[in-house]
Each structure stands twice: as structure tokens, then as C-alpha cells.
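Some notes on the structure that comes next.
Values quoted throughout were computed directly from the atomic coordinates according to the rules given, and no laboratory measurement underlies them. Given the structure is predicted, the values throughout are model-derived calculations rather than measurements. Positions of Cβ are backbone-derived with ideal geometry, glycine not excepted, and every protein chain shown enters the neighbour counts.
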């Protein structure tokens, strides 16, 4: 079944984006979306796509397209089309005053959908300044997450990566200093699941299913809707030790079938990332968990009971390993994945912090 069209409001940049998975002739591997409004700020600056071809069709109004080198400047009016090859510096701007509607095709799609969702999230949370440029941390995260496929034409890519790394390092240092390094926990857990990545991804992305299969760890999870960047959920869970935890999570990144990223606040504060990749038995899952213990009891226990708290985490992950594969298979989402005895495969659990 085709997905319905979806609107992403990016008011800080003067536009609204309409993702058109069911409303446009879009070959596999491409993405088509409409941009409506009067673009300004960051999205009108010169940029380049390393391996993507970008095509434009003006549905209404007009747009100005400036190509690097000797490509010149072109005004494209209603009904007009233009294509920018991969690796060519270009910028799109309004042509005169008034709103326009431009249909954009990006081939291959790459992370374009996640990029557009990120822009919508940054706009909604005030992460663009008054001239439409991302604030320092938001800009550094954009370079980190999307710089391999698209970037600003200047400064050079190496300089952008260096600046991004420096900003992210300083931010992490400040967070550690503010949160107290003694309360930091870092975990990496990996195991194989005898099911295809899309099925495992659906179970992991939809946190409301956790009480069904991640038992007895998760007691309740409620969310304001299905998985999407910016979506907020509230969790109530426990470990083997005699305390319960309550957190609020926000999805900050989704790559269907391969990656889920969340930020967490509450009794624990930090970041969690699920990464999925093909494996001989079906899917290899990696869970990275970097959090600070903000609850008073955990702050008090950390200095003397850190090994016990690590063991508590390992116990909770073991319950996930026990429940995830049977749940996925029972939901008929495996699509003929090969059988396995218990879904654990070769398990490597690394703990630091």
C-alpha cells in the first residue's frame, strides 16, 4: 500500500515541503517532493550533492537557478524544468516576489527524507537564527549526519568537518561537565536476530510494543503517534535492582530498516542509537547507549555500585535478546527469514564509562 503524502513545515526557511510517495511517478531509489513558499536562508546558499542528481519542475510561480562554473543563472517559470548533475555547485532562489511551488526529484534518494524531516524539526524547535542559518550545534550535527551526501559549497569539505567535530566535542565536554562525569554510563550491545532488517526495525522503532516483548523490563510506553522524527514517547521500566525509572524520549533520526536515534530525558539523560545491518542469520543489531544517571538514588549509588548497575543493564539487554526475535516472528513480519534456535547468535557486549 502506498504511503500518503506528508507535509513538513519549515517556516524558519519560508517553505513547506510535501513528500509525495503516492502522488508522483517516483522510480525505486528516488524521492519526489514539492517545495512551496518563498525560500530563504540556509536552503538558498550554494551547495553540492556528491552523488545525487537533482531535477526541478516549476508547478507555479518561478525560481532562479544559479549553476557554478560557467553554468550561469537561469530563471525557470511555470512548466519549466532543469536538472543539476551530481557534483555541480548550485543554488535555488526565489525569482522576484511571491510564492512558488517547485517539484524536486533527487536520484538516488539517499538520506534526503531524513534531511527534510530534520529541517522541519530544527524549525519547530527554534534552531535557526533570524536570517535562516542553523545555530552552531544544529549546523554541526547536520554536517556530521548528512555531509557525505550534500554540503555547502564553501568552506572546503575538510574545513566543515573539522569545525563540526570541534563544536560537537566542545558540546559533549560541556554536557559531561554539567552532568557530572561520575554518573555517565556507556554501553554497546550486539546480537543477531533471525529476521529481516525491516521487521526488526519496525519492532524497535515502535516503542509502544516494548512491553509486549521486552519483559519484564518495560512496564508501559505511551507515545504521541507512530515513529517519526520529533515524535515523543514516555517510558516506565525497571531492572533487576529494586528501583523503577521513568524517561521521556524524542526520536532525532530515522533511517528505515537501518538506524534509529533517540534523545532521552528524565531519570536517565542522554542518547541511544540502534543500528541494523544484514547478517548470515538475518539481521545484526547494535545498541549504543550513552546516558547520565539523573535520579537521586542512582547518583548516590553510582560511585560504589557501578559494577552492579552495569550488570543490571546487561540483565535488561538479555531480556531484549530473549523477546525480540519471537515477537517479530509471531507478528509475521519476517518474510521467510531463516530459523534460529534462540536469536542470540554471536553476542558481544562492551561496557565503558
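Points worth noting:
- Centre-to-centre separation between the Cα atoms of the stretch 243-287 and those of the stretch 33-60: 31 Å.
- Sorted by Cβ neighbour density within 10 Å, fewest at the top, the residues 315, 289: 315, 289
- Peptide packing for 254-261, 153-160, 113-120 was compared via the average number of neighbouring C-beta atoms within 10 Å per residue; ordered from the highest value, the list is 113-120, 254-261, 153-160.
- Stretched out straight at 0.36 nm per residue, the stretch from residue 75 to residue 202 would grow longer than its current Cα-Cα span by 41.3 nm.
- Computed label-point distance, nm, for sites residue 162 and residue 7 using a 7 Å Cα→Cβ extension: 4.5 nm
- The fewest-to-most ranking of 224, 5 by surrounding Cβ atoms within 10 Å reads 224, 5.
- In this simple spin-label model, placing a label point 7 Å from the Cα along the Cα-to-Cβ direction at both residue 97 and residue 234 gives a separation of 4.8 nm.
- Cβ-Cβ FRET estimate between residue 273 and residue 88, R0 fixed at 30 Å, reported to 0.05: 0.35
- Normalised contact order of the stretch 6-112, rounded percent, pairs of Cα under 8 Å and 6 or more residues apart: 33 percent
- Kirkwood estimate for the stretch 6-112, i.e. one over the average of 1/r between Cα atoms, Å: 14.0 Å
- Ascending count of other beta-carbon atoms within 10 Å, so fewest first, for 167, 31: 167, 31
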